[in-house]
């Protein structure tokens with residue numbers, strides 16, 4: 001396991017490398033370090049703007065080699081969003097290192113956890129919360145497949161679908177209460193009166209009866225959140241949502 005001191009040393013070294021790399025037009029701290037809320041388990045999160053006319057893939061390749069040859073990386077995975085490439089590295093000591101690269105024309109803060117270290121950036125353009133109607137649609141879509149999985153006694157698939165429906169409902173609650181809704185980041189900030197009913201929506205064992213009970217709890221929570229978001233839509237969906245929990 002890495003130490004906070006090792007994490008800080010690595011971050012400083014990577015920022016020095018960025019300052020010396022003429023292909024990098026801007027560097028920023030992102031994630032918890034940018035907001036001064038790091039803890040024992042935080043990652044290294046950095047963002048780089050790649051100068052105009054420079055091949056971003058070439059920069060990615062060079063920095064990837066650096067991570068493997070000098071910084072104990074053992075694997076990596078890419079997450080792409082628009083022009084951004086988030087290359088996420090796993091080190092031998094389990095430290096996660098997220099290096100984000102984007103052309104300089106798109107290098108900007110997409111949220112509050114962005115603090116410039118060197119160079120320049122474009123005007124901030126914070127990403128909006130997930131759309132509530134989309135979350136509602138995804139919740140009932142997962143719920144449809146949860147019902148059919150339970151009916152077919154495909155219990156592992158049912159667990160996946162029940163959990164997916166529950167997580168989208170909790171994300172909808174986060175949107176309603178203006179908490180971060182992506183990747184479960186705001187769920188632990190939800191008030192107890194919202195989260196407590198969902199404790200019975202946790203699938204504890206592969207038993208069809210217990211899973212059906214958990215599923216009905218999710219459906220009840222879904223209907224509550226739809227009513228809070230859109231009363232007219234709640235009236236339209238009340239019948240179908242209720243039917244999903246029948247005859248399981």
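The table below gives the values:
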read-out: Residue 178, sole failed condition from (1) in contact with a helix residue (DSSP H, G or I) (Cβ under 8 Å, 6 or more places away or on another chain); (2) free of Cβ contacts under 8 Å to residues at least 60 places away in the same chain; value: (1)
read-out: Residue selected from region 208-248 under the condition outside any helix (DSSP H, G or I) and closer than 19 Å to residue 164 by Cα, by the criterion farthest from the chain's Cα centre (by Cα); value: 248
read-out: Of all residues making up region 93-109, the number that are touching a helix residue (DSSP H, G or I) at 6+ places or on another chain (Cβ under 9 Å) and either under 10 Å from residue 26 (Cα atoms) or in a strand (DSSP E or B) (or both); value: 6
read-out: Failed condition for residue 164, given (1) touching a helix residue (DSSP H, G or I) at 6+ places or on another chain (Cβ under 7 Å); (2) more than 16 Å from residue 145 (Cα to Cα); value: (2)
read-out: Hits in region 138-161 - residues which are within 22 Å of the chain's Cα centre (by Cα) and within 17 Å of residue 243 (Cβ to Cβ); value: 139, 140, 141, 142, 143, 161
read-out: Filtered residue count, region 1-20, keeping only those that are farther than 12 Å from residue 44 by Cα and in contact (Cβ under 8 Å) with a residue 40 or more places away in the chain; value: 4
read-out: Count of residues meeting criterion [modelled with pLDDT of 95 or more and in a helix (DSSP H, G or I)] in region 167-183; value: 10
read-out: Failed criterion for residue 205 (all others in (1) out of contact with any helix residue (DSSP H, G or I) (no Cβ under 7 Å at 6 or more places or on another chain); (2) surrounded by 13 or more Cβ atoms within 10 Å (Cβ to Cβ); (3) in a loop (DSSP other than H, G, I, E, B) hold); value: (2)
read-out: Per-region count, region 42-77, residues touching a helix residue (DSSP H, G or I) at 6+ places or on another chain (Cβ under 9 Å), without any contact (Cβ under 8 Å) to a residue 60 or more places away in the chain, farther than 11 Å from residue 97 by Cα and not in a loop (DSSP other than H, G, I, E, B); value: 6
read-out: Unique match (being farther than 11 Å from residue 28 by Cβ, touching a residue at least 40 places away in the same chain (Cβ under 8 Å) and either assigned to a loop (DSSP other than H, G, I, E, B) or in contact with a helix residue (DSSP H, G or I) (Cβ under 7 Å, 6 or more places away or on another chain) (or both)) among 112, 128; value: 112
read-out: Residue in region 196-218 that is closer than 30 Å to residue 126 by Cα and touching a residue at least 12 places away in the same chain (Cβ under 8 Å) present; value: no
read-out: Hits in region 234-246 (condition: in contact with a helix residue (DSSP H, G or I) (Cβ under 8 Å, 6 or more places away or on another chain) and loosely packed, with under 15 Cβ neighbours inside 10 Å); value: 238, 240, 242
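Listed here are the residues, each with its yes/no results for (1) surrounded by 11 or more Cβ atoms within 10 Å (Cβ to Cβ); (2) more than 20 Å from residue 11 (Cα to Cα); (3) assigned by TED's automatic domain parsing to the domain that holds residue 40.
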site: 65; (1), (2), (3): yes, no, yes
site: 68; (1), (2), (3): yes, no, yes
site: 77; (1), (2), (3): no, no, yes
site: 93; (1), (2), (3): yes, no, yes
site: 100; (1), (2), (3): yes, no, yes
site: 110; (1), (2), (3): yes, yes, yes
site: 127; (1), (2), (3): yes, yes, no
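The values are calculated or read from the model by the stated rules, or taken from the named source; none is laboratory data. The structure displayed is predicted, hence computed values, not measured ones. Cβ coordinates were reconstructed from backbone atoms using ideal geometry, including for glycine residues, and neighbour counts include every protein chain displayed.
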